[in-house]
Amino acid sequence: MKIILNIWRQKNASSPGRMVRYELDNVNEHMSFLEMLDVLNEELTRKGEDPVAFEHDCREGICGCCGFMINGIPHGPERGTTVCQLHMRHFQDGDELWLEPFRAKAFPIIKDLMVDRSAFDRIISAGGYISINTGSAPEANSIPVKKQCADRAMDAAACIGCGACVAACPNASASLFVSAKIAHLGLLPQGEPERDRRALRMVLKMTEEGFGYCTNTGECEAICPKGVKIENIAMMHRDFTRAVALFREEAKVGGTG
Amino acid sequence: MAFRLESRIPSGPLEQKWENAKRDMKLVSPANRRKYSILVVGSGLAGASAAATLGELGYNVKCFCYQDSPRRAHSIAAQGGINAAKNYQNDGDSVYRLFYDTIKGGDFRAREANVYRLAEVSVNIIDQCVAQGVPFAREYGGTLANRSFGGAQVSRTFYARGQTGQQLLLGAYQALQRQVDAGRVKMFARHEMLDLVVVDGRARGIVTRNLVTGAIDCHVADAVILATGGYGNVFYLSTNAKGCNATAIWRAYKRGAGFGNPCFTQIHPTCIPQSGDYQSKLTLMSESLRNDGRIWVPKKKGDTRHPNDIPEEERDYYLERMYPAYGNLCPRDIASRAAKVMCDQGYGVGPGGRGVYLDFREAIQRLGRNTIEERYGNLFEMYERITGEDPYTVPMRIYPAVHYTMGGLWVDYHLMSTIPGLFVLGEANFSDHGANRLGASALMQGLADGYFIIPYTMGHFLAQVKPGGLDESHPEFRAARQAVEERTKKLLSIRGKKTVDDFHRELGRIMWEYCGMARNASGLKHALQRIPELREEFWQNVNVPGSGDEMNQSLEKAGRVADFLELGELMCLDALEREESCGGHFREEHQTEDGEAKRDDERFCHVAVWEFAGEGKPPVRNVEPLNFEFVHLAQRSYK
Amino acid sequence: MGTIALNGGLEKTAFFYQSVVGKKVVMAVTGCVLCLFVLGHMLGNLQIYQGPEKLNRYAEFLQGLGAGLWAVRLVLLACVGLHILSAYQLWRLKLSARPTPYLKKSYVATSYAARTMIWSGPIVLAFIIYHLLHFTTGQAHPDFRRGDVYHNVIAGFSNPAASLFYIAANILLAIHLYHGAWSMFQSVGINHPRYTPWLKRLAKAYAWVIGIGNVSIPLAVLTGVVK
């Protein structure tokens, strides 16, 4: 089948970009979307042109590398899938598609469809962990965890950090990503001791990185390839509010002698 | 010159060895640790856990990964689970049993002491991961749930839905980011290691390329850890991520690190087959599907009828026919090989005749659709997403695919390679899986190496060397950097007619055909002739567009494929020299009368450690004999 | 950066407010107060259907509250102020969070109401100012009689232009509430798979009731149902 692609081409962060039109004649319906771009890139390379840069790695929907906008929707029109697992059979012969990178101040463009999502790593650094040094863990079954809590934590932990929530959000908010980590760790007894500190530091960092705010439109939840729920955002708001209200200064006196 | 392969296995009874080793190790005092710097290349389970733990201990750590974030390393794709000898199910599991299963599963081509240690620390891994907040599956009582995996007779596999690898990696990644925040680890994402720098016989640093700006940088350290994963992508199509590569370990090999058993690759029987030439990777389907699915091909060659139109009597359930006792549940290597044989004979189905049916019709009739949905719902969904076919009504098509490489850089008991100061962890090393890896063991090994072994052995090494004393102006660093720059320039200057992928696909075809599931001397010799020709052509006729001082994905690929073109040759050479069949390595000349793998413990109960002898010279094959003091070598039989 | 510097009450509040979560909570809490007011206001006004005496007596009762009335007015004013301030700041933040807009953007889940909050808000504000000048202080009224609320309403709405503006503004208000009335629960952290679907339905019903109730008055005057 034939597919017409309008792809955002931008050489690097500092140069301006523009849409470039490409026509692909022999698209096989069993190809994945990225395989179709591979074919395009092979053609471009043979013609001596610069291939389209796009992020990808595992191509089985779990690493979170891939992602760009197809006709204004992150990861394209199918729900519950990343773009690497989106297959061409969901498109019609002659379809014209617009491919744009995720757009947000906190996600500067690197090249073409690639953006820099390192802000996510910095948010995790700010508190998205449980402080436990290797070797100091208690016996695993000494911490019973309610099955329900473990399951809900797992639902939140399924986030692959692809950034589609930010891209879809009318406000470029990272709330779904941040709240998924806050909920994952906060729902487990292991995460309880740091729950307040985590909410404070991660939300503060999210603000600092220049993400927008959540207006509860539910857009992120609808396009999340892993079905992470905005219920987590409510939990983040709760945890953060409580953490501010009950905040106490950390002890200044050291404990070592 | 030949290697001095000193495995440094500690003395004493099996269960005392690791304790004894730890007791005898030298220590670096907490105040001195920050004076030592360590480079960790790779941020998967092994790399991230090592970097985080060494950071916690107080060393200066720099960690590198080619992805945009350490959380994306390919460990994330592991589905099934992680083994540990916790014996929570009271079903007779023990450290010894896990050790024995692993060493037997590896067809007795791994070191006893290493494997025992792996089984021993497996229990600590679970404790650590639970404390980090890994959301393992739970029972209603709040304790951890287990399942049996890969035909094991005990339930020792811990899992987090079908995303165990992801959750374990996120645990390690979070620990790593915590150390980044604490200033103990400096993270270099989107950096690819392009060379290892050896000064006075010791690994002292690496040369990297910043994938965004193209900047070539040197990093100096007191020790280097490679945790860069396997090299399955030498086959072009594999279940590995697109970016997985052998460049780091191959550069190290060329700087003097021994390469252990390069031909040991694992081919997984249940993957979704290739649908066309454009195919970029293969997707694994959990092998648990074989518990209820029946594998068959049409009895007539080249039968193009729809599978549902082929009557029962015209179907050949070949695994049940050939292996009546185990049937569809025979081990990975046997199932894979049988599928290839059927397809080679012309019975294959689907595009290109490269596939066999995995049929659930009988199971659905017997158990009902609901039961099948409960057991395999998510897998069926994944299959349908990729192929567009509904496996509840049309049989699945499956075909084997390259999945894991047991071979890798040779390391001693301390995980140190033949280059002092160069440590290799996880899939990148050759150590614990012998000739075949059991399900749910890869995650265990990666984390064992990173969390619980390297922190001890690294300290022992560093305690014996003085920190620092070197910077990047050293001639070795300058030379390595220059070599990298020249190679980059060379790749960009060829401007030939074929793309990098053209060469990679061709190499993959050769490797799959001649060094894949079944190997024989004449095929391997043919490959050994073809690969150098292809390599020659690559360096004459490859087209790498763009420049070196920008984000250039073609250039990245070209560098990796250039290394694969050398590694492929070494794999074939190793396969040719190993004149026996064992685990994933099946030599057609060495099989029993019933077509089973025939090991030759007399001649090949050893690790083949290859040594680079210089460009254009044949590599040297060294041998580390494997001594089995505690287990008895047994022959596998699945009839 | 091991610790977070947070001190006494004021600083804590400022920190809270500075974060995006804080602004949303402020928005939600003030929105909640205003929602309750809108409901009470509408219920009071619906007494117009019970005739002039009833409505005027209700107005007298409110006026008779004296200081109490002013207290309520001040609280409402503060809420409106904070609501607008946080809305404005969040709107600025939104613009800075995505400086380059998409060339093409489609929405999968975002409702019309949610997308137009930033427009329905200011229009409703303009309406409120007009409404105060119209019926509370009288400057915008053609024939304002202090104390005779019933007369003021009939006379005011007899002008079709004024009535149509009321109708349009109240539809916008309803749309604003359609998203806002559920959204405030989410912002303060109330979300549960069992109750949230009901809360959403309740919020929608609430928006419909407010919309229909408020629009009915000018409509009734225009059509002569209420004279």
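Values as computed for the structure displayed
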{"read-out": "Region C:1-135: C-alpha gyration tensor shape, a/c 1.5 cut-off, then a/b vs b/c", "value": "oblate"}
{"read-out": "With eigenvalues of the C-alpha gyration tensor scaled by 5 and rooted, region A:118-245, Å", "value": "24, 16, 13"}
{"read-out": "Whole-Å semi-axes of chain B's equivalent ellipsoid (Cα gyration tensor)", "value": "38, 29, 24"}
{"read-out": "Placed amide H near B:F188: partners under 5 Å, 5+ positions off or other chain", "value": "B:C63, B:F64, B:C65"}
{"read-out": "For region B:331-344, Karplus couplings with θ = phi - 60° (6.51, -1.76, 1.60), whole Hz, Gly/Pro x", "value": "x, 3, 5, 5, 4, 4, 5, 4, 4, 5, 4, 4, 5, 4"}
{"read-out": "Protein heavy-atom accessible area occluded, A/C pair - total, 1.4 Å probe, Å²", "value": "4300"}
{"read-out": "Separation of the B:A31 and C:T100 label points, Cα + 7 Å toward Cβ, nm", "value": "5.4"}
{"read-out": "Residue among A:A164, A:A153, A:A140 with the largest mean-square fluctuation in a Gaussian network model of chain A, springs linking Cα atoms under 10 Å", "value": "A:A140"}
{"read-out": "Fluctuation leader among C:A87, C:A205, C:A169 - chain C, Gaussian network, Cα springs under 10 angstrom", "value": "C:A205"}
{"read-out": "Net dipole in debye of region B:479-602 [+1 Lys, Arg Cβ; -1 Asp, Glu Cβ; about Cα centre; nearest 20]", "value": "840"}
{"read-out": "Taking chain A and dividing mean pair separation by its residue count, relative contact order in percent (alpha carbons under 8 Å, at least six apart)", "value": "19"}
{"read-out": "GNM top mover of C:K54, C:K204, C:K23 - chain C, alpha-carbon springs below 10 Å", "value": "C:K54"}
{"read-out": "Per-residue ³J(HN,Hα) for region A:183-199, Karplus 6.51 cos²θ - 1.76 cosθ + 1.60, θ = phi - 60°, Hz, x for Gly and Pro", "value": "6, 3, 7, x, 7, 9, x, 4, x, 4, x, 9, 4, 5, 4, 4, 4"}
{"read-out": "FRET efficiency for B:R8 and B:E615, using Cβ-Cβ distance with R0 set to 30 Å, rounded to 0.05", "value": "0.45"}
{"read-out": "Helical mean residue ellipticity (222 nm; -39500 (n - 2.57) per DSSP H run of 4+; nearest 500) of chain B", "value": "-11000 deg cm²/dmol"}
{"read-out": "Label-reachable residues, region C:63-102, where backbone N falls under 17 Å from a point 7 Å from C:T136's Cα toward its Cβ", "value": "C:63-85"}
{"read-out": "Kirkwood-based shape ratio for region B:64-106, expressed as Rg/Rh from alpha carbons", "value": "1.20"}
{"read-out": "Of B:G106, C:V215, A:G210, farthest towards positive along the dipole that unit charges on Lys, Arg, Asp, Glu beta carbons give the protein assembly as shown", "value": "C:V215"}
{"read-out": "Other protein chain Cβ atoms within 10 Å, averaged over every residue that makes up A:117-130", "value": "6"}
{"read-out": "Sequence-distant residues sharing a close amide H with B:D195 (under 5 Å, placed H)", "value": "B:V207"}
{"read-out": "Region B:182-193 - phi-based ³J(HN,Hα) in whole Hz, Karplus 6.51/-1.76/1.60, Gly and Pro as x", "value": "6, x, 7, 10, 10, 9, 10, 7, 6, 10, 10, 6"}
{"read-out": "Debye, to nearest 20: dipole size of chain C, +1 on Lys, Arg Cβ, -1 on Asp, Glu Cβ", "value": "840"}
{"read-out": "Per-residue mean of C-beta atoms belonging to partner chains within 10 Å, peptide A:68-75", "value": "3"}
{"read-out": "Scattering curve values for region A:3-110, log₁₀ I(q)/I(0), Debye with Cα scatterers, q = 0.19, 0.20, 0.22, 0.24 Å⁻¹", "value": "-1.05, -1.17, -1.42, -1.65"}
{"read-out": "Radius, Kirkwood style, for chain C when every pair of distinct Cα atoms is counted (Å)", "value": "19.8"}
{"read-out": "Net length gained if the chain between A:D95 and A:S14 were fully extended (0.36 nm per residue, minus Cα distance)", "value": "26.0 nm"}
{"read-out": "Calculated on alpha-carbon atoms, Rg and Dmax of chain A in Å", "value": "21.1, 75"}
{"read-out": "Crossing angle, helix B:112-132 versus chain B [Cα axis fit, 0-90 degrees, rounded to tens]", "value": "90"}
{"read-out": "The protein assembly as shown, dipole about Cα centre (Lys/Arg Cβ +1, Asp/Glu Cβ -1), debye to the nearest 20", "value": "3200"}
{"read-out": "Protection proxy ranking, peptides A:216-226, B:606-616, B:421-431, average beta carbon neighbours within 10 Å, highest first", "value": "B:421-431, A:216-226, B:606-616"}
{"read-out": "Accessible surface of the protein assembly as shown, 1.4 Å probe, proportion on carbon and sulfur as whole %", "value": "54"}
{"read-out": "Degrees separating the helix A:147-157 axis from the principal Cα axis of chain A, which is the longest one", "value": "50"}
{"read-out": "Within chain B, percent of DSSP bridges classed antiparallel, to nearest 5", "value": "70"}
{"read-out": "Mean projected area in nm² (Cα convex hull; one quarter of hull surface) for the protein assembly as shown", "value": "49.7"}
{"read-out": "Per-residue average of Cβ from other chains inside 10 Å of C:9-17", "value": "2"}
{"read-out": "Modelled FRET efficiency - R0 25 Å, C:F61 with C:L164, Cβ distances, 0.05 increments", "value": "0.20"}
{"read-out": "Ratio Rg/Rh [Cα only; Rh per Kirkwood] for region B:269-401", "value": "0.93"}
{"read-out": "Between 0 and 90°, nearest 10: helix C:20-45 axis offset from chain C longest Cα axis", "value": "10"}
{"read-out": "Dimensions in Å of region B:518-623 - Rg and Dmax from alpha carbons", "value": "17.7, 59"}
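The values are calculated or read from the model by the stated rules, or taken from the named source; none is laboratory data. Since the structure is predicted, the reported quantities are computational estimates derived from the model, not experimental observations. Methodologically, a virtual Cβ is constructed for each residue, glycine included, from the backbone with ideal geometry; neighbour enumeration extends over all protein chains shown. SASA here: full protein model, heavy atoms, side chains in, ligands and nucleic acids out. Shrake-Rupley method; radii C 1.70, N 1.55, O 1.52, S 1.80 Å.
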